[in-house]
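See below for the structure under consideration.
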Amino acid sequence: RPAVDDCEILRQGQGLLATGSQIVLAKGGHATGPRSTEILLRSGQEPISFDAPRLAGSMRGTGCLLACAIAAHLANGRSLEHAVGQAKQFVFAKL
């Protein structure tokens, strides 16, 4: 079920970590509110939130674009946290 707020995004991400995943990027594309938030969760570490203003309208393909941008930054030797932050900014700028 799509998360409707940041608390639900975090709860769902923590649920995935509990299944044995080491890293989860929980997206908030279906949430409501003025900000669009993604939360990076890593086993044994504090969650890190990345947010940007929520744009009006229904967007498609933003998760795929975000994943590709993260992969590109990782391929260029960036840390995971840096890659996610830069990818989030990139996607927002393209919209």
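Computed from the coordinates by the stated procedures, all read-outs in this text should not be read as laboratory data. On a predicted model such as this, the values are computed, not experimentally measured, just so you know. As a convention, Cβ positions derive from the backbone with ideal geometry for all residues, glycine included, and neighbour counts pool all protein chains shown.
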Study note, to complete from the structure: So R1 and T19, fully extended at 0.36 nm per residue minus their Cα-Cα distance, gain in nm 4.8 nm
Point to revise | Förster radius 22 Å - calculated FRET efficiency between R42 and C64, Cβ distance, rounded to 0.05 | key: 0.45
Exercise for review: Quote the Stokes-Einstein diffusion coefficient, in whole µm² s⁻¹, for region 6-94, based on the Kirkwood radius over alpha carbon pairs, a temperature of 25 °C and a viscosity of 0.890 mPa s.
Suggested key: 183
Exercise for review: Would you kindly state how much longer the chain becomes between A75 and D51 on full extension, computed as 0.36 nm times their sequence separation minus their alpha carbon distance, in nm to one decimal?
Suggested key: 6.3 nm
Review point. Per residue of the chain, what 222 nm ellipticity follows from adding -39500 (n - 2.57) for every DSSP H run with n ≥ 4, rounded to the nearest 500?
Key: -14500 deg cm²/dmol
**Study point:** Relative contact order, percent, the chain [alpha-carbon distance under 8 Å, six or more residues apart]
**Key:** 19
